[in-house]
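The values are calculated or read from the model by the stated rules, or taken from the named source; none is laboratory data. Please read all numbers here as calculations on a predicted model, not as lab measurements. Every residue, glycine among them, receives a Cβ derived from its backbone with ideal geometry; neighbour counts consider all protein chains shown.
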Amino acid sequence: MIPANCGYETWFRTILKANSGYRRDGPMTISADHTAAENTDLNAVQADAQEAEVRRKFGISLEAYMLPAHRQIQMVDPEGQLKAREEQGTEAGHEYPLPGDAELVAAFEQLVVGRRVNDQNSALVRQGRMAVYPSSHGQEACQVAAALCLSEGDWLFPTYRDAVAVMARGVDPVEAMTIFRGDWHGGYDPLEHNVGIQCTPLTTQLLHAVGVAHAAKLRGEKTVVLAMCGDGATSEGDFHEALNFAAVFHLPVIFFIQNNKYAISVPLSHQTVAPSLAHKAVGYGMAGERVDGNDLVALLAVLDRAVKLAREGSGPLLVEANTYRMQAHTNADDATRYRAESEVAEWMAKDPISRLKTYLQGRGLLDAEAEARIAEHAEAVAKQLREGLGEDVPVDPQELFRNVFSEPTPQLREQSALLADELSREATTREETAR
Amino acid sequence: MSPTVTTSSEANGNVSAATARAAAKAAAVAEATGPQPVTMAKALNTALADAMQADSTVLVFGEDVGQLGGVFRITDGLMATFGEQRCFDTPLAESGIVGMAVGMAMNGMRPVIEMQFDAFAYPAFQQIISHVAKMHNRTRGRLKLPLVIRVPYAGGIGGVEHHCDSSESYYAHTPGLKVFTPATVSDAYRMLREAIDSDDPVVFMEAKKLYWSKDQVDLEALRREHDGLSDGGSGTHAQRTEGRAVVARTGTDATLITYGPSVPTAMAAAAAAAEEGRSLEVVDVRSIVPLDDETITASVRKTGRAVVIAEAPGFASISSEIVARIQERCFHYLAAPVRRVTGFDIPYPAPKLEHYYLPSVDRILDAVDDLQWED
């Protein structure tokens, strides 16, 4: 609620007020605060100091910092040309530095691998070797940036469409696809790579991200958590609750929205009439930014800075990536029922791989030899998937009872014995029939 | 170990500000040694404080649990004692509270969260059903979620709509959740400590009308008993409450099986039946999940007759589950069909009408009378 006697400018200052006691972060705090702001002279002085801090750090007003870029941040255009600084979409003084060359080449490699994984998995579904695969074809730049912007001890909370990001964090490709092959569990160990299990209920994982960040903060750790969701998911209640909790508790969480324009068949216009999804951030007292989600250079620039700010104690940040789901929701969906081929073709021209490739080649950072090596890497991962997902994993029906609780209850032991008895009788019958 | 249930007169009335103040005052009085009059609210509060003292990863949060000490004062004084980082208020959003607790439990904490009222917990249903209950299973045991969701529940307090639901069946129906509900002051302490110690998520249902019930309890002895359990449980394993019902009153003619808010009513019915020359055994289920089939079965096989009593609507409920299990296990021992006394299958009634709805001593005795006593 904005106090009656308080204009927007004053309001933005009040939400900057440093918290007393609870948090142990540095002075740079851009987020809401769970202590109510008071209009005392002392607070006004503190607010002025914060405003000055923002100006020093970003060269822009606090209000300009809180609101997303007028259009979007784009550093490399769809033709692969680096845009002039003043055309990248930033406020003057708030420009993003170009990511380093090594980072970009490594990211390109992951991009190519990600595309190969998406297409290999779609093929495996068609061959009946996977149950379902929600492909991120066309969104690979977002997938790669979400994984690469984080450091070793940081956490990633992915959705079901983020298998490429999960792999880019170091999870074994076959383990990452466990859910989609129709197995009963999540496959990988979340604690081994600090990656949450790919989440099917929408935005529920954002709150888990908030909790992980909160626990880390209470222990004084500098962990950053990146939580992913899509455009449709921003309509869910947990989206609101997660952003608000992260802001109120001033937690280092980056909410990364891949706006791919569709929630299965429902277009963005049916989800919101907000100017952009990034604009939603300011309502929570958090800064929002929007970026071209098919421009990996801009994505890394924006997310790298978001991670750095969050680690320094900025509180949560929201980044909206403007991208497109090139394929149907899953193999079970028919996208021709709700969108025009011309729209898809338009986005084909904005493909994230070709533009980064052109850019890197133009910079002399990618020669034929490197390309061949990267293609070979992608092919090796595809082969790993074909082989790993082609194998029939032996299933033990008794495993169904083993992990419902830490120890099975007496009731579960009874049911497990019942199943064991059924199976042993079946086996006996089979043996007798064989004889 | 069969506890005496002494329900104070406030237990059946409204939880007024005056009784809340009185309880807070009682809580402030330094604990003397030996059995003292203790309310269930105080026992729960002490259990929280002891758990927080014993383990710095135990955190308490929810709506109004900080400065105010909870609308029922169960978290009274915890923020002052343990600081804002260990006990704090959250924004008013139940899904947020549970979802954040999931993340904290994933990352080394043992959150104990409060849902304030039964019906206020429903916004958190997706988090509880899809994540709290399933995380251990879908990660093949790699992620444990040692969190406790405290739910003040049930009626008999003159509460208005949405404040008196008996929501235990929803949770008990969901694989992966443990569901506890203490009926005595001592069990309130024991079971909350056990719930916090558990590596599995526990939905901890607290009958609101029992908050101000009093019993002569030695909290220091309960504390020692708990410490004995957590030191590997040597010698005192019989004191564990998880998965163990308790025979609250022994009898020979019929068994009353009940839990939570209906336990005092069942005890009163058994006392009244004794005056009429009928000996009723009372089983307090207390651990709904896991359920103690053994104790229930042994009692019904002994008496040959049973009435299951619960405040929740009877259709598709804990009471129907218990009846079904008795039929499966005790059929040849039964002298009469198992009867039930439950809430009606209606939305929880307004304060002026709730006494028509709640299982009463008379309704229980009528059900007992129907158990085919003639040869």
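Tabulated results
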read-out	value
Test: residue in region A:369-378 that is closer than 25 Å to residue A:177 by Cα and either within 14 Å of chain B (Cβ to nearest Cβ) or in contact with a strand residue (DSSP E or B) (Cβ under 8 Å, 6 or more places away or on another chain) (or both)	no
Criterion: surrounded by 22 or more Cβ atoms within 10 Å (Cβ to Cβ), within 11 Å of chain B (Cβ to nearest Cβ) and touching a residue at least 12 places away in the same chain (Cβ under 8 Å) - qualifying residue of A:277, A:202, A:243	A:243
Which numbered condition residue A:381 fails, given (1) away from chain B (no Cβ under 14 Å); (2) of a type in the set (Val, Ile, Thr); (3) exposed (fewer than 15 other Cβ atoms within 10 Å of the Cβ)	(3)
Those strands (runs of 3 or more DSSP E) lying entirely in region A:252-366 with at least 3 residues at pLDDT 95 or above and of a type outside the set (A, V, I, L, M)	A:253-259, A:287-292
Count - residues of region A:388-435 that are among the acidic types (Asp, Glu) and either in a loop (DSSP other than H, G, I, E, B) or modelled with pLDDT of 95 or more (or both)	7
Condition check for residue B:146: at pLDDT 95 or above and either among the acidic types (Asp, Glu) or surrounded by fewer than 21 Cβ atoms within 10 Å (Cβ to Cβ) (or both)	no
Selected residue [buried (at least 24 other Cβ atoms within 10 Å of the Cβ) and in a helix (DSSP H, G or I)] from B:299, B:262, B:320	B:262
Condition met for residue A:354 (under 21 Å from the mean Cα position of the chain (by Cα), among the polar types (S, T, N, Q) and assigned by TED's automatic domain parsing to the domain that holds residue A:117)	no
Residue satisfying all of: in region B:75-93; surrounded by 19 or more Cβ atoms within 10 Å (Cβ to Cβ) and over 23 Å from residue B:145 (Cα atoms); farthest from the other protein chains (Cβ to nearest Cβ) among these	B:76
Criterion: within 14 Å of chain A (Cβ to nearest Cβ), at pLDDT below 95 and farther than 25 Å from residue A:215 by Cβ - qualifying residue of B:240, B:224	B:240
Given (1) within 21 Å of residue B:194 (Cα to Cα); (2) within 9 Å of chain A (Cβ to nearest Cβ); (3) assigned to a helix (DSSP H, G or I), number of the condition residue B:53 does not satisfy	(2)
Pairs where the first residue, in region A:392-407, is away from chain B (no Cβ under 12 Å) and the second is part of a loop (DSSP other than H, G, I, E, B) and charged (D, E, K, R), C-beta under 8 Å, 6+ apart	A:393/A:183
Complete set of residues in region B:104-115 that are over 24 Å from residue A:200 (Cβ atoms) and either facing another protein chain (nearest Cβ under 8 Å) or surrounded by fewer than 22 Cβ atoms within 10 Å (Cβ to Cβ) (or both)	B:108, B:109
Residue satisfying condition, being touching a residue at least 40 places away in the same chain (Cβ under 8 Å) and either at the interface with chain A (Cβ under 7 Å from one of its Cβ atoms) or surrounded by fewer than 20 Cβ atoms within 10 Å (Cβ to Cβ) (or both), within set B:133, B:121, B:101	B:101
Sole residue being over 16 Å from residue B:297 (Cβ atoms), in a loop (DSSP other than H, G, I, E, B) and among the small types (Gly, Ala, Ser), chosen from B:367, B:335, B:350	B:350
Candidates B:217, B:185, filtered to the one that is aliphatic (A, V, I, L, M), under 20 Å from residue B:52 (Cα atoms) and not assigned by TED's automatic domain parsing to the domain that holds residue B:264	B:185
Candidate set: region A:205-243, residues that are assigned to a helix (DSSP H, G or I) and β-branched (Val, Ile, Thr); chosen: the one farthest from the chain's Cα centre (by Cα)	A:212
Flag if residue B:276 is among the acidic types (Asp, Glu), closer than 30 Å to residue B:119 by Cα and outside the structural domain of residue B:207 (by TED's automatic domain parsing)	no
Complete set of residues in region B:150-185 that are buried (at least 24 other Cβ atoms within 10 Å of the Cβ), β-branched (Val, Ile, Thr) and within 14 Å of another protein chain (Cβ to nearest Cβ)	B:179
Residue within region A:137-148 that is of a type outside the set (A, V, I, L, M, F, W, C), modelled with pLDDT under 95 and part of a loop (DSSP other than H, G, I, E, B) present	no
Odd one out for residue B:286, checked against (1) more than 19 Å from residue B:373 (Cα to Cα); (2) surrounded by fewer than 23 Cβ atoms within 10 Å (Cβ to Cβ); (3) not assigned by TED's automatic domain parsing to the domain that holds residue B:190	(2)
Qualifying residues in region A:165-197 (those that are assigned to a helix (DSSP H, G or I) and of a type in the set (Val, Ile, Thr)) - the one nearest to residue A:142 (Cα to Cα)	A:166
All positions within region A:182-193 that are in contact (Cβ under 8 Å) with a residue 12 or more places away in the chain and crowded, with 21+ Cβ neighbours inside 10 Å	A:186, A:187, A:188
Per-region count, region A:218-239, residues facing chain B (nearest Cβ under 8 Å) and either under 20 Å from residue A:276 (Cβ atoms) or in contact (Cβ under 8 Å) with a residue 60 or more places away in the chain (or both)	0
